[in-house]
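Reading through the structure tokens given below for one structure.
All of the numbers you see were taken from the coordinates with simple rules; none came from a lab. All values reported here derive from a predicted model rather than from experimental measurement. Cβ coordinates were reconstructed from backbone atoms using ideal geometry, including for glycine residues, and neighbour counts include every protein chain displayed.
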Amino acid sequence: MPSILCMVDDKHVPLYRVMWVSAVPHFCGSEDCMCEGLYEVRLEEEESVWARRDERDSLLAALEQWQGGLGVEEDEWD
């Protein structure tokens, strides 16, 4: 059974709290920004966590699996 938690940064994030995941890395140009090059994962309550590319990809895969995926299974065409 797949987990409903996914590791992002050093946090176990429940998949049901994820509202959206950024497709492009953050860039604001601020010299003191600590999130440059990371992907924003927006959670409920206007919270965000920041993911590396591999964490973002793992999160997206976990969300797809948790929601059952978008594709048609081969058995449905028989």
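Some observations on this one:
- Dipole magnitude of the range 1-53 about its Cα centre (Cβ charges: Lys, Arg +1; Asp, Glu -1), debye to nearest 20: 360 debye
- Length released on extending from D32 to H12, taking residue separation times 0.36 nm less the Cα-Cα span: 4.5 nm
- Helix 53-66 vs. the chain, principal-axis angle (Cα, 0 to 90°, nearest 10): 30 degrees
- The chain: Rg to Rh, with Rh as the Kirkwood radius over Cα pairs: 1.08
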